[in-house]
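Novice: Before I ask anything, here is the structure I am working with.
The values are calculated or read from the model by the stated rules, or taken from the named source; none is laboratory data. Note that the structure is a prediction, hence the values are computed from the model and not measured. Cβ placement follows ideal geometry from the backbone for every residue including glycine, while neighbour counts extend to all protein chains displayed. Heavy atoms of the whole protein, side chains included, go into the accessibility calculation; ligands, DNA and RNA do not. Shrake-Rupley method; radii C 1.70, N 1.55, O 1.52, S 1.80 Å.
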Amino acid sequence: MPKGLYITGTVPGSGKSVVVLGMMEMLSGHGRKTGFFRPVIYPGENGDSLIRLLSTRYALEGAADEMYGCAFEEVRKFIANGRINDLYSLILEKYKKLESRCDFIICAGTDYTAMANAFEFEFNIEMANHLGIPLVPVVKGNGRSVRDIVEAVRVLKNSVRDKNGELLAVVVNRVAGEEHNKAETALKQEFTDAFPVYVLPDHPLLNKPTVGEIARLLKAEVISGDIESLDREIRNYKVAAMELPNFLDHVEDRSLIITPGDRSDIIIGSLLADASRAYPQIAGILLTGDLKPASQIVSLLSGLRGSLVPILSVQTDTFTTAMNVNAIEGTMAPENKRKTSAALGLMEANINFGELERRIAVTPSGRVTPLMFEYELIQRAKKERKHIVLPEGTDERILKACEILLLRGVADITLLGDPDEVAGKITDLGLSMDHVRIIDPANSELRTAFADTYYESRKHKGISYQMAYDVMADVNYFGTVMVHRGLADGMVSGAAHTTQHVVRPAFEIIRTKPGCSIVSSVFFMCLADRVFVFGDCAVNPKPSAQQLADIAISSAETAGMFSIEPYIAMLSYSTGESGKGEDVDRVREATGIVRRLRPDLKVEGPIQYDAAVDASVAKAKMPGSEVAGNTTVFIFPDLNTGNNTYKAVQRSANAVAIGPVMQGLKKPVNDLSRGCTVPDIVNTVAITAIQAQALKPTVPLTPGPSDP
């Protein structure tokens, strides 16, 4: 079985970085220690960009200089001196050192920036042969007809065969949208029996550079704009040489405006165009000629509020700058999370990873790392796509997470809020969300029907119809009724609302599942090589014995839902029969209830934390227990203990805490921390979608960009 694979382009601009990223993501889900290696690099100021990207995202062990064979300048010397075999030996030696520390290695071929194309592809085939790993060539599809693409793959097949190389699969990248299905059909008809061929459609977000890439590659000075504004992708370039009124007629969406630094009229006019709904969005402004704006303009820029347009300055003249900019292609960088999400979504939608896994015989290990767990969340959610409502449609983090979720195909999303305000924020942030639905609860045609639902469920509590109608203007109540009535599969909120504001509507409207006395929560605690379930750490201050038992049963079911075999520890300050007192007796009684209600579950209690996690302590304190020392589900006796413990483990063990995940409700509603990050939101939406997958399908809303 090979311990690696070699991904290489066949010509410049094939987009192999997208394929490398997708393969690394696939392998990260198996818990194997995966390494990354490049035979040859063309180092820039910040080193090799692909090594930086993968080292950052996948926390790869080892220094950067252990992940490549040699720099191109060394290659040139070896070739000039006729020592090509010595070159292969040098690269092989470094590869073998890395291989000895890894279970599997992804190897990325050369970048076609210096050598002759024909020689370079032959070099990559030979290099894969010397490393003893199969090839995954990436064929450039843009600008080619289906016939040309098929012929290119045929030539590739013959070239690899002539060099005695081994083809694992072929990826055809950047195929025009209208040609994608035709190319896929034609390639499968000709090559299926020999090797799988996968076709990736062209994706504008991946091909275009960002303002930050322009700044880095042109060594531009950033005069105005923050770090996030540099992530704006550039869809076209406009050289501003006309008077302002004429120039504005030529501005297109996401343009990079190239103009001399003394053109104050163009600078101010471009900023106003970006702020105006009457003109397209500006990606950025690039000032040329080493000319800085007048001091008054600089003061004006520094005092602008809310402008996200980055302004750069370079020393070259306008013509040279335009030529330099035009030569720059989009790249993958660790700083650009949007491109990463788009690349992974593209790969996951078009590559049969199961087929590839069988061909390289990847077997999962028993380890579960945080990255593996998060990878599995995304894959599980994608298998049966659900519809999730996000009430906080104007929150910047929610919108950024929404774009990632849509790019990766994790879930269908409805945002709540004023459509103009939400759309304005999406535009201001430079996000791409063409298929998101936006509903304004205050003006929605659904408000009256939702008020009827809430009135009928709460009139016994003294709620009048007018009160119910007023309540339905609240985004959390409106979203909860959407879930209750089957117009959404689940809801995620809390980035800008308290837990009570999120959970109370669910208690009042959705309510608990039959047989469960209490709504509770768990955190998934992702440690270095395993995932624990902690409950309840967010909702119930001091549950009774019956409630504690229900929390344990719900937590075990949640663990099983996410492929964690539940070994339940009912935690207390004593183990077994050694302790007495009201608190420990309550835990002992709860343990008995769990055993009576669910004799199939493995549960132990009361038990101390050390005996639950440490096999040596378990052997001394509770010998013979199959739970002690092997616990995966930890049930805390009260909120004070649970909340403090999860935070202590999170900080001291550098664990990733995902949650709180609500459980016990008839339909999933999950609460976010007000300090949540964009990845937190993405994970919580994926969890909510997985919780919903066991339920009946929802009633789809009428398609459209926003609700009336």
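Novice: Hey, can you tell me all the residues within the range 390-408 that are open to solvent by less than 10 Å² (accessible area, probe 1.4 Å) and either on the phi > 0 side of the Ramachandran plot or β-branched (Val, Ile, Thr) (or both)?
Specialist: Residue satisfying the conditions is Ile398 alone.
Novice: Continuing with the same structure: Suppose we filter Arg447, Arg408 for residues that are modelled with pLDDT of 90 or more and touching a helix residue (DSSP H, G or I) at 6+ places or on another chain (Cβ under 9 Å); which single one remains?
Specialist: On the way: Arg408 fails: modelled with pLDDT of 90 or more.
Step by step, each of Arg447, Arg408 is checked, and only Arg447 is modelled with pLDDT of 90 or more and touching a helix residue (DSSP H, G or I) at 6+ places or on another chain (Cβ under 9 Å).
Novice: Collect the residues in the range 338-362 that are among the acidic types (Asp, Glu), surrounded by fewer than 18 Cβ atoms within 10 Å (Cβ to Cβ) and in contact with a helix residue (DSSP H, G or I) (Cβ under 9 Å, 6 or more places away or on another chain), keeping them in residue-number order.
Specialist: Glu357
Novice: Name every residue in the range 409-436 that is open to solvent by 20 Å² or more (accessible area, probe 1.4 Å), more than 17 Å from Glu233 (Cβ to Cβ) and not in a helix (DSSP H, G or I), in order of residue number.
Specialist: Asp412, Asp418, His435 - these are the residues of the range 409-436 that are open to solvent by 20 Å² or more (accessible area, probe 1.4 Å), more than 17 Å from Glu233 (Cβ to Cβ) and not in a helix (DSSP H, G or I).
Novice: Which condition does Met1 not pass, out of (1) modelled with pLDDT of 90 or more; (2) more than 22 Å from Leu206 (Cα to Cα), if it passes all the others?
Specialist: Looking at each condition in turn, Met1 falls short on (1).
Novice: Condition (residue is buried (at least 17 other Cβ atoms within 10 Å of the Cβ), charged (D, E, K, R) and without any contact (Cβ under 8 Å) to a residue 60 or more places away in the chain) applied to the range 251-260: is it met by at least one residue?
Specialist: Among the residues of the range 251-260, not one is buried (at least 17 other Cβ atoms within 10 Å of the Cβ), charged (D, E, K, R) and without any contact (Cβ under 8 Å) to a residue 60 or more places away in the chain, which makes the answer no.
Novice: Regarding the range 314-325, can at least one residue be identified that is in contact with a Gly (Cβ under 8 Å, 6 or more places away or on another chain), part of a helix (DSSP H, G or I) and within 18 Å of Cys402 (Cα to Cα)?
Specialist: no
Novice: Could you look through the range 96-106, keep only residues that are outside any helix (DSSP H, G or I) and not basic (Lys, Arg), and pick out the one that is surrounded by the most Cβ atoms within 10 Å (Cβ to Cβ)?
Specialist: Ranking the candidates gives Ile106 first.
Novice: Turning to a different aspect of this structure: Working only within the range 490-544, note down all residues that are assigned to a loop (DSSP other than H, G, I, E, B), under 20 Å from Ser457 (Cα atoms), touching a residue at least 24 places away in the same chain (Cβ under 8 Å) and out of contact with any Phe, Trp or Tyr (no Cβ under 7 Å at 6 or more places or on another chain).
Specialist: Matches in the range 490-544: Arg511, Lys513, Cys516, Ser517, Ile518.
Novice: I need a count of the residues in the range 567-600 that are open to solvent by less than 30 Å² (accessible area, probe 1.4 Å), farther than 13 Å from Asp638 by Cα and not in a helix (DSSP H, G or I).
Specialist: Within the range 567-600, residues that are open to solvent by less than 30 Å² (accessible area, probe 1.4 Å), farther than 13 Å from Asp638 by Cα and not in a helix (DSSP H, G or I) number 7.
Novice: Also, I was wondering about something else. Quick check on my filter: what residues within the range 437-460 are among the small types (Gly, Ala, Ser) and not in a loop (DSSP other than H, G, I, E, B)? Even if it seems obvious, please write down each step before you answer.
Specialist: Going through the range 437-460, the residues among the small types (Gly, Ala, Ser) turn out to be 442, 444, 449, 451, 457.
Once the filter is applied, which keeps residues that are among the small types (Gly, Ala, Ser) and not in a loop (DSSP other than H, G, I, E, B), the range 437-460 yields Ala442, Ala449, Ala451, Ser457.
Novice: Counting only residues that are part of a loop (DSSP other than H, G, I, E, B) and touching a Ser or Thr at 6+ places or on another chain (Cβ under 7 Å), which one in the range 668-700 is modelled with the highest pLDDT?
Specialist: Pro668
Novice: Mind counting the residues in the range 273-301 that are outside any loop (DSSP other than H, G, I, E, B) and surrounded by 15 or more Cβ atoms within 10 Å (Cβ to Cβ)?
Specialist: So the count comes out to 13.
Yes/no matrix, rows are residues, columns are (1) out of contact with any Leu (no Cβ under 6 Å at 6 or more places or on another chain); (2) within 14 Å of Arg38 (Cα to Cα); (3) of a type in the set (Val, Ile, Thr); (4) surrounded by fewer than 19 Cβ atoms within 10 Å (Cβ to Cβ):
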{"residue": "Ala71", "(1), (2), (3), (4)": "yes, yes, no, yes"}
{"residue": "Lys77", "(1), (2), (3), (4)": "yes, no, no, yes"}
{"residue": "Gly132", "(1), (2), (3), (4)": "yes, no, no, yes"}
{"residue": "Val138", "(1), (2), (3), (4)": "yes, no, yes, no"}
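Novice: Mind listing just one residue for me: the one in the range 606-646 that is assigned to a helix (DSSP H, G or I) and of a type in the set (D, E, K, R) and, of those, most open to solvent (accessible area, probe 1.4 Å)?
Specialist: Ranking the candidates gives Lys619 first.
Novice: How many residues are over 32 Å from the mean Cα position of the chain (by Cα) and surrounded by 13 or more Cβ atoms within 10 Å (Cβ to Cβ) if we restrict to the range 162-181? It would help to see each step written out before you state the result.
Specialist: From the range 162-181, those over 32 Å from the mean Cα position of the chain (by Cα) are 162-166; that's our starting set.
Filter once more, so that each one left must be surrounded by 13 or more Cβ atoms within 10 Å (Cβ to Cβ): 163, 165-166.
Residues that pass the stated criteria total 3.
Novice: Before we move on, is Val40 under 27 Å from Ala327 (Cα atoms) and within 15 Å of the chain's Cα centre (by Cα)?
Specialist: So Val40 does not fit the description; no.
Novice: Would you please list the contacts, defined by Cβ atoms under 9 Å and residues six or more apart or on different chains, that run from a residue in the range 164-184 that is more than 30 Å from Gly4 (Cα to Cα) to a residue that is of a type in the set (Asp, Glu) and open to solvent by 50 Å² or more (accessible area, probe 1.4 Å)?
Specialist: What qualifies is Ala176/Asp202; Gly177/Asp202.
Novice: In addition: Residue pairs, Cβ under 9 Å, 6 or more apart or interchain, first in the range 677-691 and touching a residue at least 40 places away in the same chain (Cβ under 8 Å), second crowded, with 24+ Cβ neighbours inside 10 Å and among the polar types (S, T, N, Q). List them.
Specialist: Thr684/Asn670; Val685/Asn670; Ile687/Asn670; Thr688/Asn670; Gln691/Thr558; Gln691/Gln663; Gln691/Asn670
Novice: Additional query: Checking the conditions here, which among Glu74, Glu25, Glu93, Glu61 is of a type in the set (D, E, K, R) and not in a helix (DSSP H, G or I)?
Specialist: Working: Glu74 fails: not in a helix (DSSP H, G or I); Glu25 fails: not in a helix (DSSP H, G or I); Glu93 fails: not in a helix (DSSP H, G or I).
Just one listed residue meets the conditions, Glu61.
Novice: Just for the range 500-523: of the residues that are of a type in the set (Gly, Ala, Ser) and open to solvent by less than 50 Å² (accessible area, probe 1.4 Å), which one is nearest to Phe534 (Cα to Cα)?
Specialist: Among those residues, the one meeting the criterion is Ser521.
Novice: Let me ask you something else. Just wondering, is there one or more residues in the range 217-226 that are in contact with a strand residue (DSSP E or B) (Cβ under 6 Å, 6 or more places away or on another chain), aliphatic (A, V, I, L, M) and open to solvent by less than 40 Å² (accessible area, probe 1.4 Å)?
Specialist: Yes; the residues of the range 217-226 include at least one that is in contact with a strand residue (DSSP E or B) (Cβ under 6 Å, 6 or more places away or on another chain), aliphatic (A, V, I, L, M) and open to solvent by less than 40 Å² (accessible area, probe 1.4 Å).
Novice: Which of the residues spanning the range 545-566 are open to solvent by 40 Å² or more (accessible area, probe 1.4 Å) and outside any helix (DSSP H, G or I)?
Specialist: Answer for the range 545-566, where residues must be open to solvent by 40 Å² or more (accessible area, probe 1.4 Å) and outside any helix (DSSP H, G or I): Ser563, Glu565.
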